[in-house]
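Here, each number is a calculation from the coordinates, and none is a lab measurement. All values derive from a computational prediction rather than experimental measurement. In this analysis, Cβ positions are derived from the backbone assuming ideal geometry, glycine residues included, and neighbour counts consider all displayed protein chains.
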């Protein structure tokens, strides 16, 4: 693949998610972090297109729900809602979602621009994927709407949308305190992002992550075909839009306990040194960034580094080492 094609693929990589009955997407370059919905501040004098405020890395950011802009009814939130932290060239803000589905490189040929879109429309194009329509969000339109203080949207009792039971409120408050306490997202003056962006996941009860530069897609459920006569750590192959990809059972490959078998089969598809693999894992967690000085001393072998994030120890996988391992034999299919 040429350098121009690689640049175009990276440009079109999107994180997509579900909110209500619809699926939406944001370019992954604009995503800073994914987290479970925390408790938000809600001062009395907020425009009615803002769901709340959150202190995020010394910024006080607005949090929105795109359904307000689309005139779609907003049901009550719960502790399972997720929050995307996104950035433009000028601002950071949050978008409430029901659940993040995965990361996909969008084929430009399958993207259709909305012909009547203008600078105020939060949806500017559509993408066809697996017979579904994904609405691509124009976060710069949201940025412009956040600068307007006119109450152009229907009045809603925003605080009533959040959980009122003590258990849920305690969970969300704990998340807010964790965001305030963490030091792994220190932004320098004038910067809206740092260099290191990672996808985290579970293998058994332990937490691992992979540098996003290697990640091509993240799929939460995958159909895998077993191939007889292959090493035990090769789970099989998967068909991804006509491209057959070898699926590695990461726990078996790393010599970890592999007795826990997930009901679904989430995979992280990586590419390194022109080799593409699907890594079978237990559970996709979140995407986040941190500074280099937050990483502990480098390790050897398959584990590149370790670091502590939100009081949890994460191990960074050495993708260069894994993809160059002589045990992995890929044949053309």
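Relative contact order for region 27-121 using alpha-carbon pairs under 8 Å, separation at least 6, rounded to a whole percent?
For region 27-121, the relative contact order is 27 percent.
Which FRET efficiency, nearest 0.05, do residue 107 and residue 283 yield, Cβ-Cβ r, R0 41 Å?
Computed FRET efficiency for residue 107 and residue 283 comes out at 0.90.
What nm distance separates the two modelled labels at residue 72 and residue 220, each placed 7 Å from Cα along Cα→Cβ?
Each label point is offset 7 Å from its Cα along the Cβ direction, giving 1.5 nm.
For a Förster distance of 41 Å, can you work out the FRET efficiency between the beta-carbons of residue 29 and residue 173, rounded to the nearest 0.05?
Step by step, r from the Cβ atoms, then E = 0.85.
Taking 0.36 nm per intervening residue step and subtracting the Cα-Cα distance, what contour gain separates residue 205 from residue 308 on full extension?
35.5 nm
Relative to a virtual label point 7 Å from the Cα of residue 114 in the Cα→beta-carbon direction, which members of region 57-73 show backbone nitrogen distances below 13 Å?
Within reach of a label on residue 114, which here means backbone N under 13 Å from a point 7 Å along Cα→Cβ, region 57-73 contributes 66-72.
What number, in percent, do you get for the relative contact order of region 3-181 if the mean sequence gap of Cα pairs under 8 Å and at least 6 apart is divided by its residue count?
Here the relative contact order equals 28 percent.
For each of 106, 233, count neighbouring Cβ atoms within 10 Å of the residue's Cβ, then give the residues from fewest to most.
Going from sparsest to densest Cβ surroundings: 233, 106.
Remind me, what semi-axes does region 196-323 give for its equivalent ellipsoid, largest first in whole Å, using sqrt of 5 times each Cα gyration tensor eigenvalue?
Each semi-axis is the square root of five times an eigenvalue, giving 24, 15, 14 Å.
Given contacts defined as C-alpha pairs under 8 Å and at least six residues apart, what's the relative contact order of region 196-323, whole-number percent?
Taking the mean separation of contacting Cα pairs over the length of region 196-323, I get 29 percent.
If we count other beta carbons within 10 Å of each Cβ, what is the order of 244, 77, fewest first?
244, 77
What are the semi-axes of the equivalent ellipsoid of region 3-181, taken as the square roots of 5 times the eigenvalues of the Cα gyration tensor, listed largest first and rounded to whole Å?
The three semi-axes for region 3-181 are 28, 18, 16 Å.
If you rank 275, 219 by fewest surrounding Cβ atoms within 10 Å, what's the result?
Sorted ascending by nearby Cβ count, the order is 275, 219.
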